[in-house]
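Asks: Before I ask anything, let me first share the structure, which is written out below as structure tokens.
The values are calculated or read from the model by the stated rules, or taken from the named source; none is laboratory data. Just so we're clear, the structure is a prediction, and the values are computed from it rather than from any experiment. Note that each Cβ is placed from the backbone with ideal geometry, even for glycine, and that neighbours are counted across all protein chains shown.
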Amino acid sequence: MNLSDSKLKLLIAGIGCGLAAACLAYFGNPANMAFCIACFVRDMAGALGLHSAAPVQYARPEIIGLVLGSFVISAVTGEFRSNGGSSPMIRFILGMVIMIGSLIFLGCPLRMVIRMSAGDINAWIALIGFACGVATGCFALKKGFSLGRAYETGTGSGIVLPALMAGVLILLTCTTLLKFSEAGPGSKHAPILISLAGGLVVGVLAQKSRMCFAGGIRDAILMRNFDLLTIIAGLFGVMLIFNIATGRFVLGMNTPGIIAHSDTLWNILGMYAVGFAAVLAGGCPLRQLILAGQGSSDSAVTVLGLFTGAALCHNFGLASSGTAVNAETGEVVAGAVTANGKIACVICIAVCFIIAFTNKRNSKRGAAV
Amino acid sequence: MIEVDARGLSCPEPVMLADQAIKKGEGTVKVLVSEPHQKTNIEKLAKSRGKKATSKAVGSEFEIIIE
């Protein structure tokens with residue numbers, strides 16, 4: 001069944017993803033995260049020991065489920081294509097940029113939408129930066145930006161990332177090798193089976209619907225096509241109803257405990273970097289996981305960039321902190337962006353500009369006709 | 001006939017290149033793509049531009065004729 005050939009089907013797919021997100025929130029995932037790709041890849045990087053930030057270490061079954069869901073449905077429907085070779089190392093850098101920008105804002109584009117549905121005004125402000133980043137990427141595309149062609153590879157190359165994810169699932173369920181947070185966001189999670197099922201369901205829906213948060217705005221700007229925005233509207237609608245119905249909707253900017261900060265400029269610039277890099281990479285973090293699941297080694301390399309970016313964020317103090325209440329004094333402590341994070345964000349945006357305007361169609365072998 | 005070889009390119013390049021070719025208004029456009037979702041996107045583009053699209057699989061890839 002093709003979910004991407006009508007707006008109604010796309011809306012239903014978005015509602016399905018929203019229901020999965022609401023279930024994951026209900027069963028214990030941290031505030032407004034549901035299945036935030038940046039947060040959960042970061043947690044998984046911590047579980048694997050790539051960084052040592054104790055509060056954010058847990059091999060999230062949602063991430064595993066997303067990749068495996070995409071892998072299984074694409075294999076069943078004949079859409080699995082093992083390919084690669086479209087500027088993989090540039091995609092690796094773009095993956096790092098997406099993660100660094102996300103952890104400065106505190107969330108990937110998916111979490112931005114979920115935070116918007118929970119009344120977080122900072123997320124609405126960050127949407128401006130994200131849309132501007134996507135628009136800048138669209139400008140580069142119009143000027144002839146291209147990372148060149150991917151070519152068919154042996155099937156084994158496309159299976160590596162799904163196989164690695166299955167391996168992490170085995171380590172999570174059958175061994176005690178992985179790190180696991182005892183406090184903080186990493187300690188909050190839905191039961192493993194529910195998380196895995198949620199990931200699998202969204203993986204299947206996202207693969208069939210081509211769900212992409214950067215792609216939604218990109219297609220609206222470039223082609224006046226609003227199909228992908230329809231899915232996001234469905235997800236937003238479900239999460240808005242869920243948040244209001246369960247008392248999670250809090251309209252404000254300095255709400256403690258929701259893992260967010262109100263440093264407006266850096267919320268905008270962080271998501272600007274994410275939007276820009278996501279368009280250059282051909283999709284948001286969720287879409288990269290889905291494409292990696294259906295055989296793209298280029299997207300798998302982008303996912304490895306996400307993991308490396310997450311490790312750098314916590315090893316070098318780039319990630320922002322969320323507004324919280326001091327347990328002893330009861331005072332609200334404002335979340336903040338670190339000095340290192342601000343420098344990294346500026347570098348990330350500069351790198352995006354260099355990549356966007358030095359990789360042209362027709363300028364190298366293998367570029368488009 | 002204009003031929004657009006968009007095989008192996010990332011989204012949205014195949015659709016952008018196909019759209020440019022359609023806008024030239026020089027009759028039939030043949031588009032080659034690698035991925036099933038790109039085939040669907042090109043078909044939707046053709047429909048939105050008031051054109052008729054006919055697709056066929058060529059090995060593991062796709063050929064779409066827009067006229």
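Asks: Do you know which of the residues in segment A:226-248 that are in contact (Cβ under 8 Å) with a residue 60 or more places away in the chain and among the small types (G, A, S) is surrounded by the most Cβ atoms within 10 Å (Cβ to Cβ)?
Replies: Top of the filtered list is A:G234.
Asks: Within segment A:215-225, can one find any residue that is touching a Ser or Thr at 6+ places or on another chain (Cβ under 8 Å) and under 27 Å from A:L50 (Cα atoms)?
Replies: Checked against the condition, which is being touching a Ser or Thr at 6+ places or on another chain (Cβ under 8 Å) and under 27 Å from A:L50 (Cα atoms), segment A:215-225 yields no hits at all.
Asks: Checking the condition more than 9 Å from every other protein chain (Cβ to nearest Cβ), out of contact with any strand residue (DSSP E or B) (no Cβ under 7 Å at 6 or more places or on another chain) and more than 25 Å from A:F139 (Cβ to Cβ), which residue from B:A53, B:A57, B:A46 passes?
Replies: The match here is B:A57.
Asks: Checking A:S195 against (1) modelled with pLDDT under 95; (2) in a helix (DSSP H, G or I); (3) surrounded by 24 or more Cβ atoms within 10 Å (Cβ to Cβ), which single condition isn't satisfied?
Replies: The failed condition is (1).
Asks: Another question, then. When only residues in segment A:68-120 that are under 30 Å from A:L240 (Cβ atoms) and outside any helix (DSSP H, G or I) count, which is farthest from the other protein chains (Cβ to nearest Cβ)?
Replies: Top of the filtered list is A:G119.
Matching residues to (1) surrounded by fewer than 20 Cβ atoms within 10 Å (Cβ to Cβ); (2) out of contact with any Gly (no Cβ under 8 Å at 6 or more places or on another chain):
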| residue | (1), (2) |
| --- | --- |
| A:S74 | no, no |
| A:N83 | no, no |
| A:S86 | no, no |
| A:T153 | yes, no |
| A:L161 | no, no |
| A:L171 | yes, yes |
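Asks: Go through (1) surrounded by 21 or more Cβ atoms within 10 Å (Cβ to Cβ); (2) in a helix (DSSP H, G or I); (3) more than 18 Å from the chain's Cα centre (by Cα) for A:A22 and report which single condition fails.
Replies: (3)
Asks: Go through (1) more than 7 Å from chain A (Cβ to nearest Cβ); (2) closer than 25 Å to A:L280 by Cα; (3) of a type in the set (A, V, I, L, M, F, W, C) one by one and return the number of the condition B:I66 breaks.
Replies: Here B:I66 clears every test but (2).
Asks: State which residue is surrounded by the fewest Cβ atoms within 10 Å (Cβ to Cβ) when the search covers only segment B:21-67 and only residues that are among the small types (G, A, S) and within 22 Å of A:F226 (Cβ to Cβ). Give the derivation first.
Replies: In the first step, residues of segment B:21-67 are kept if they are among the small types (G, A, S); the result is B:21, B:25, B:27, B:34, B:46, B:48, B:50, B:53, B:55, B:57, B:59-60.
Those still in the list that are within 22 Å of A:F226 (Cβ to Cβ) too: B:46, B:48, B:50, B:53.
Values: B:A46: 23, B:S48: 13, B:G50: 7, B:A53: 19.
Applying the filter and picking the extreme gives B:G50.
Asks: When residues of segment A:223-256 are filtered for being over 22 Å from the mean Cα position of the chain (by Cα), under 19 Å from A:G275 (Cβ atoms) and in a helix (DSSP H, G or I), how many remain?
Replies: So the answer is 1.
Asks: Are any of the residues in segment A:55-63 surrounded by fewer than 22 Cβ atoms within 10 Å (Cβ to Cβ) and away from every other protein chain (no Cβ under 14 Å)?
Replies: Quick first cut of segment A:55-63, residues surrounded by fewer than 22 Cβ atoms within 10 Å (Cβ to Cβ) only: A:55.
Pick out the ones that are also away from every other protein chain (no Cβ under 14 Å) and you get A:55.
Checked against the condition, which is being surrounded by fewer than 22 Cβ atoms within 10 Å (Cβ to Cβ) and away from every other protein chain (no Cβ under 14 Å), segment A:55-63 yields at least one hit.
Asks: Are any of the residues in segment B:15-22 within 11 Å of another protein chain (Cβ to nearest Cβ), free of Cβ contacts under 8 Å to residues at least 60 places away in the same chain, out of contact with any strand residue (DSSP E or B) (no Cβ under 9 Å at 6 or more places or on another chain) and among the charged types (D, E, K, R)?
Replies: yes
Asks: Now for a separate question. Take the residues in segment A:201-213 that are facing another protein chain (nearest Cβ under 10 Å) and assigned to a helix (DSSP H, G or I); name whichever of them is nearest to A:I12 (Cα to Cα). Steps first, please.
Replies: Of segment A:201-213, the ones facing another protein chain (nearest Cβ under 10 Å) are A:207-210, A:212.
If we keep only those that are assigned to a helix (DSSP H, G or I) as well, we get A:207-209.
On the way: A:Q207: 14, A:K208: 12, A:S209: 10 Å.
Looking at the filtered set, the residue picked out is A:S209.
Asks: Looking only at strands (runs of 3 or more DSSP E) that fall completely inside chain B, which ones have 3 or more residues that are closer than 26 Å to A:A206 by Cα? Before the answer, list the steps.
Replies: Numbers: elements: B:2-5, B:29-33, B:53-58, B:61-66.
Fully inside chain B and qualifying: B:29-33, B:53-58, B:61-66.
Asks: Among (1) within 23 Å of A:R111 (Cβ to Cβ); (2) outside any helix (DSSP H, G or I); (3) at pLDDT 95 or above, which single condition is A:A183 missing?
Replies: (3)
Asks: So which residues in segment A:218-273 are in contact with a strand residue (DSSP E or B) (Cβ under 9 Å, 6 or more places away or on another chain) and among the aliphatic types (A, V, I, L, M)?
Replies: A:V250, A:L251, A:M253, A:I258, A:I259, A:A260, listed by residue number.
Asks: Looking only at helices (runs of 4 or more DSSP H) that fall completely inside segment A:257-348, which ones have 1 or more residues that are of a type in the set (A, V, I, L, M) and surrounded by fewer than 24 Cβ atoms within 10 Å (Cβ to Cβ)? Write out each step before concluding.
Replies: On the way: elements: A:264-281, A:285-293, A:297-315.
Qualifying helices (runs of 4 or more DSSP H): A:264-281, A:297-315.
Asks: Here is a follow-up. Within segment B:30-37, does at least one residue satisfy the condition of being within 10 Å of chain A (Cβ to nearest Cβ), without any contact (Cβ under 8 Å) to a residue 40 or more places away in the chain and under 8 Å from the mean Cα position of the chain (by Cα)? Outline the logic, then answer.
Replies: Here is the first cut: in segment B:30-37, the residues within 10 Å of chain A (Cβ to nearest Cβ) are B:32, B:34-37.
Filter once more, keeping what is without any contact (Cβ under 8 Å) to a residue 40 or more places away in the chain: B:32, B:34-37.
In the following step, the residues that additionally are under 8 Å from the mean Cα position of the chain (by Cα) were identified as B:32.
Yes: one or more hits.
Asks: Yes or no: segment A:305-323 includes at least one residue that is under 21 Å from the mean Cα position of the chain (by Cα), more than 14 Å from chain B (Cβ to nearest Cβ) and closer than 24 Å to A:V72 by Cβ.
Replies: There is at least one residue in segment A:305-323 that is under 21 Å from the mean Cα position of the chain (by Cα), more than 14 Å from chain B (Cβ to nearest Cβ) and closer than 24 Å to A:V72 by Cβ.
Asks: Does segment A:283-295 contain at least one residue that is more than 16 Å from the chain's Cα centre (by Cα), within 13 Å of chain B (Cβ to nearest Cβ) and touching a residue at least 60 places away in the same chain (Cβ under 8 Å)? Working first, answer last.
Replies: So in segment A:283-295, the residues more than 16 Å from the chain's Cα centre (by Cα) come out as A:294-295.
Narrowing the set further to residues that are within 13 Å of chain B (Cβ to nearest Cβ) leaves A:294-295.
Filter again for touching a residue at least 60 places away in the same chain (Cβ under 8 Å), leaving A:294-295.
Scanning segment A:283-295 turns up at least one residue that is more than 16 Å from the chain's Cα centre (by Cα), within 13 Å of chain B (Cβ to nearest Cβ) and touching a residue at least 60 places away in the same chain (Cβ under 8 Å).
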